[in-house]
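Asks: One structure follows; several queries about it will come next.
The values are calculated or read from the model by the stated rules, or taken from the named source; none is laboratory data. Just so it is clear, the structure is predicted and the values come from calculations on it, not from any experiment. Heads up, the Cβs are rebuilt from the backbone with ideal geometry, glycines too, and the neighbour counts pull from every protein chain shown.
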């Protein structure tokens, strides 16, 4: 408890100090961080090797080891990302509303930092640098709680950040790393309401659910994407093939790839087998409903669980529907409110689908793969919110801000 | 459990139906509700009498009985409020962002309803009609869980709403009242993540803390206001007297009244006793720090607890400080992030105070009593948010909305 409490308090104090910091001072600090990172590269890579060795010994999978691994290129990517962040407009101070009342009272609602942001995340040590720099750009302090599998790397990176901040006008305490990666420290962060203003989990479904279920600190839910593509009766064959193959195959391991295909029965009669053949040729496992399995022998019968599953892999569930409404209802039941698409030449069906599907992003005749802060022009991404409060969809810098009313008077009282 | 689960499910289904409803249809339904309320007035007042009788027998305080009480005037106020709501612009459908990408993909971020809103509240039956009509205006379904002390009144009001909705294009299931007012049903709402998108508690500090501590559904924290006024060294005497008396006395029982006074020691030497005399003459109990007690004999010594206390009554805590910074630090330690004010002729001090105090509304030379949705020109108020995510300060209709990306393509895929 000592570490979490103590670092929470330090971060809170630092967050108050950050209120007086200018954009120029923040950008200078970010530049120091970028440069220090490259200066400390050898040290960081050496510590990263330790994580990899421990990981290998304890039998961590190669795909997770790959996420932990740092090399020259990955450090360079971090370095470049910081300069991209420096180039972005500072949202802090922006006036969101203005009002002047008859009694002369003037009001401005201005963007302000949230305060202290908690990040709980898995494997990837690049989240450490990402989260710290995004928080600082928006005037927030941050408490980082990475996973034990990247503990040496995270400590080396944060040491480098602290060294850079010491040269800057920003308090070094604005970035805190919880070095005790036991379950207890995560648990303590869930209820650190005194010092934490928000908690953002980054990682797999289990981590996110755990945080959502256990935290009394407000959480921003990110990530899980059980995304669907619905091929309506009037969909053009060529368009449908192109979009399904892109949304499933271009990068199957990410949250905006599709996991489930809903097909109008009439369209399926004409083109279904040929589409499934194409998927099968690309090594995609097909879990179909009874009708699909009858028509396409290589499909396995989908269980109820399949409709809920985010495979993040070369696999897809396929179901036939008889109306656009049936597709919408299926998505609203099994979806995770991330990204959903309809392929149709019928604009009324498209409008119905876009209005009634409950998700952050709803596409007509385009691949779901575009749901991403960079594709949306934000220049940065904290994550993709699948909840409805505060932020929905790709979160850029404004998602890390709150607002405050500044009210100017000369003696106004309420009668 | 049966009631909460069942009504949760019905509300969710209704919320999907509300996606297809027009502004005109919503306003028609609101008009039906207003008229039905007046038509059912006798019935509602009769049921309200039952609540009052039960309350008297069980020894509920007269101030709470007054909150439960309905009469012709109060019904009329509800009626008028609904017509004011009808006149407000519908936020749903508003385009918040627009983007066209080089590849021809067009994006619109539109305001949409949140979905299903849960309201947990105490005593006042007018919250029942308020919450229901605000939710419907913004296309949301609502689950109402009032207190047992107003159960007959709430049931009569919701029966009236249901009768009105039956005449409208809106599903009657959009408004659900939990009639079992045992603790268990509140507890069940805290974890009804499957059907509830947000939970808004309205009432005392204990209720709000209970919901915050126990809910896994996202909560919007409202209400508690331990508000401060800081009199800086350069404050004009007349201005300070006027503002302090207004902020403390104009309506002491509300959240934007001040509970604590911080006074610069130099100013206090000259004007302190005279100000405290005025407060004392108005029956305000004064809890001072040691210096205040030495100077003003009618003051009682404040305990540590006093600095945290929202009296909501004729009482105030008073502390001397030697700098503006000390005042800010005190507020950030003991305040509830609601409304705070500085009285000063020094613009640098005012700017420092407004930038560094962590609260929804920070005033310079004006009474804190203005923090209110109607005073801020919103035409309606769901509550005053004291948290930093989603909404901060007085919440108008937009606080009951989320957003969704509508994305229009003609075959765009990600390369």
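Asks: Which members of segment B:364-376 meet the condition of being at the interface with chain A (Cβ under 8 Å from one of its Cβ atoms) and either modelled with pLDDT under 95 or not in a strand (DSSP E or B) (or both)? Spell out the reasoning first.
Replies: Quick first cut of segment B:364-376, residues at the interface with chain A (Cβ under 8 Å from one of its Cβ atoms) only: B:364-367, B:369-371, B:375-376.
Correct list: B:367, B:369, B:370, B:371, B:375, B:376.
Asks: Looking at (1) outside any loop (DSSP other than H, G, I, E, B); (2) surrounded by fewer than 21 Cβ atoms within 10 Å (Cβ to Cβ); (3) touching a residue at least 24 places away in the same chain (Cβ under 8 Å), can you tell me which one residue A:283 breaks?
Replies: Going through the list (1) outside any loop (DSSP other than H, G, I, E, B); (2) surrounded by fewer than 21 Cβ atoms within 10 Å (Cβ to Cβ); (3) touching a residue at least 24 places away in the same chain (Cβ under 8 Å), residue A:283 breaks only (1).
Asks: Out of all the residues in segment A:351-362, is one or more in a strand (DSSP E or B) and over 15 Å from the mean Cα position of the chain (by Cα)?
Replies: There is at least one residue in segment A:351-362 that is in a strand (DSSP E or B) and over 15 Å from the mean Cα position of the chain (by Cα).
Asks: Something else: I'd like to know if segment B:327-344 contains one or more residues that are without any contact (Cβ under 8 Å) to a residue 12 or more places away in the chain and under 20 Å from the mean Cα position of the chain (by Cα).
Replies: Within segment B:327-344, not a single residue is without any contact (Cβ under 8 Å) to a residue 12 or more places away in the chain and under 20 Å from the mean Cα position of the chain (by Cα).
Asks: Can you confirm whether residue B:247 is under 28 Å from the mean Cα position of the chain (by Cα), crowded, with 17+ Cβ neighbours inside 10 Å and under 29 Å from residue B:202 (Cα atoms)? Outline the logic, then answer.
Replies: Values: under 28 Å from the mean Cα position of the chain (by Cα): yes; crowded, with 17+ Cβ neighbours inside 10 Å: yes; under 29 Å from residue B:202 (Cα atoms): yes.
Answer is yes for this residue.
Asks: Moving on. Before we move on, is residue A:331 within 14 Å of chain B (Cβ to nearest Cβ) and either crowded, with 18+ Cβ neighbours inside 10 Å or on the phi > 0 side of the Ramachandran plot (or both)?
Replies: For residue A:331, the condition - within 14 Å of chain B (Cβ to nearest Cβ) and either crowded, with 18+ Cβ neighbours inside 10 Å or on the phi > 0 side of the Ramachandran plot (or both) - is met.
Asks: Scan segment B:346-363 and tell me whether some residue there is under 18 Å from residue B:250 (Cα atoms) and more than 10 Å from every other protein chain (Cβ to nearest Cβ).
Replies: Checked against the condition, which is being under 18 Å from residue B:250 (Cα atoms) and more than 10 Å from every other protein chain (Cβ to nearest Cβ), segment B:346-363 yields no hits at all.
Asks: Within segment B:2-110, considering only helices (runs of 4 or more DSSP H) that don't extend past its boundaries, which have at least 3 residues that are surrounded by 14 or more Cβ atoms within 10 Å (Cβ to Cβ) and modelled with pLDDT of 95 or more? Don't jump to the end; show me each part of the working.
Replies: On the way: elements: B:2-18, B:23-39, B:41-57, B:62-68, B:72-87.
It comes to B:2-18, B:23-39, B:41-57, B:72-87.
Asks: Still on this structure, please answer the following. On the given criteria, is residue A:345 at negative phi, surrounded by fewer than 24 Cβ atoms within 10 Å (Cβ to Cβ) and assigned to a loop (DSSP other than H, G, I, E, B)?
Replies: Here the answer is yes, as residue A:345 does meet what is asked.
Asks: So, in segment B:183-226, exactly how many residues are within 13 Å of chain A (Cβ to nearest Cβ), in contact with a strand residue (DSSP E or B) (Cβ under 7 Å, 6 or more places away or on another chain) and farther than 20 Å from residue B:9 by Cα?
Replies: 5
Asks: OK, next. Pairs needed: first member in segment B:65-90, touching a residue at least 24 places away in the same chain (Cβ under 8 Å); second member anywhere, outside any helix (DSSP H, G or I); C-beta distance under 6 Å; at least 6 residues apart or different chains.
Replies: Partner pairs satisfying both residue conditions: B:67/B:123; B:67/B:124; B:68/B:123; B:85/B:380; B:88/B:379.
Asks: Further question: Please find, among A:207, A:199, A:243, the residue that is within 30 Å of residue A:270 (Cα to Cα) and either touching a helix residue (DSSP H, G or I) at 6+ places or on another chain (Cβ under 9 Å) or not assigned by TED's automatic domain parsing to the domain that holds residue A:283 (or both).
Replies: Only one candidate qualifies: A:243.
Asks: Sticking with this structure for a sec: Would it be correct to say that residue A:391 is within 14 Å of the chain's Cα centre (by Cα), in a loop (DSSP other than H, G, I, E, B) and more than 7 Å from chain B (Cβ to nearest Cβ)?
Replies: In short, yes.
For every residue, the table says whether it meets (1) under 30 Å from residue B:202 (Cβ atoms); (2) touching a strand residue (DSSP E or B) at 6+ places or on another chain (Cβ under 9 Å).
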residue: B:269; (1), (2): no, no
residue: B:294; (1), (2): no, yes
residue: B:312; (1), (2): yes, yes
residue: B:349; (1), (2): no, yes
residue: B:354; (1), (2): yes, yes
residue: B:357; (1), (2): yes, yes
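Asks: Next question. Just need a number here: residues in segment A:208-220 that are surrounded by 22 or more Cβ atoms within 10 Å (Cβ to Cβ) and part of a loop (DSSP other than H, G, I, E, B).
Replies: Going through segment A:208-220 one residue at a time, the tally reaches 3.
Asks: Please count how many residues of segment B:252-280 are in a strand (DSSP E or B) and within 20 Å of residue B:312 (Cα to Cα).
Replies: 5
Asks: For residues in segment B:394-415 being over 24 Å from residue A:250 (Cα atoms) and assigned to a strand (DSSP E or B), which is nearest to the other protein chains (Cβ to nearest Cβ)?
Replies: B:402
Asks: Give just the number: which of (1) more than 10 Å from chain B (Cβ to nearest Cβ); (2) over 16 Å from residue B:405 (Cα atoms); (3) surrounded by fewer than 22 Cβ atoms within 10 Å (Cβ to Cβ) does residue A:317 not satisfy?
Replies: Only one criterion in (1) more than 10 Å from chain B (Cβ to nearest Cβ); (2) over 16 Å from residue B:405 (Cα atoms); (3) surrounded by fewer than 22 Cβ atoms within 10 Å (Cβ to Cβ) is unmet by residue A:317, namely (3).
Asks: Considering (1) in the same structural domain as residue B:133 (by TED's automatic domain parsing); (2) closer than 30 Å to residue A:235 by Cα, say which one residue B:401 fails and leave the rest.
Replies: Here residue B:401 clears every test but (2).
Asks: In segment A:343-375, how many are touching a helix residue (DSSP H, G or I) at 6+ places or on another chain (Cβ under 8 Å) and within 18 Å of residue B:111 (Cβ to Cβ)?
Replies: Qualifying residue count, segment A:343-375: 6.
Asks: Next question. Against the condition modelled with pLDDT of 90 or more, surrounded by 23 or more Cβ atoms within 10 Å (Cβ to Cβ), under 18 Å from the mean Cα position of the chain (by Cα) and away from chain A (no Cβ under 14 Å), how does residue B:134 come out, does it pass? Step through it out loud before you land on a result.
Replies: Working: modelled with pLDDT of 90 or more: yes; surrounded by 23 or more Cβ atoms within 10 Å (Cβ to Cβ): yes; under 18 Å from the mean Cα position of the chain (by Cα): yes; away from chain A (no Cβ under 14 Å): yes.
Here the answer is yes, as residue B:134 does meet what is asked.
Asks: List the pairs whose first member sits in segment B:242-255 and is under 17 Å from residue B:285 (Cα atoms) and more than 8 Å from chain A (Cβ to nearest Cβ), whose second member is modelled with pLDDT under 95 and outside any loop (DSSP other than H, G, I, E, B), and whose Cβ atoms are under 9 Å apart, counting only residues at least 6 apart or on separate chains?
Replies: B:253/B:63
Asks: Is it the case, given these coordinates, that residue A:379 is surrounded by fewer than 22 Cβ atoms within 10 Å (Cβ to Cβ), modelled with pLDDT of 95 or more and touching a helix residue (DSSP H, G or I) at 6+ places or on another chain (Cβ under 8 Å)?
Replies: no
Asks: Same structure again: Search segment B:111-122 for residues being more than 14 Å from chain A (Cβ to nearest Cβ) and surrounded by fewer than 24 Cβ atoms within 10 Å (Cβ to Cβ), and hand back the single one that is nearest to residue B:53 (Cα to Cα). It would help to see each step written out before you state the result.
Replies: So the first thing to find is which residues in segment B:111-122 are more than 14 Å from chain A (Cβ to nearest Cβ), and the list is B:119-122.
Within this subset, residues satisfying the condition of being surrounded by fewer than 24 Cβ atoms within 10 Å (Cβ to Cβ) are B:121-122.
On the way: B:121: 20, B:122: 17 Å.
Among those that are more than 14 Å from chain A (Cβ to nearest Cβ) and surrounded by fewer than 24 Cβ atoms within 10 Å (Cβ to Cβ), it is B:122.
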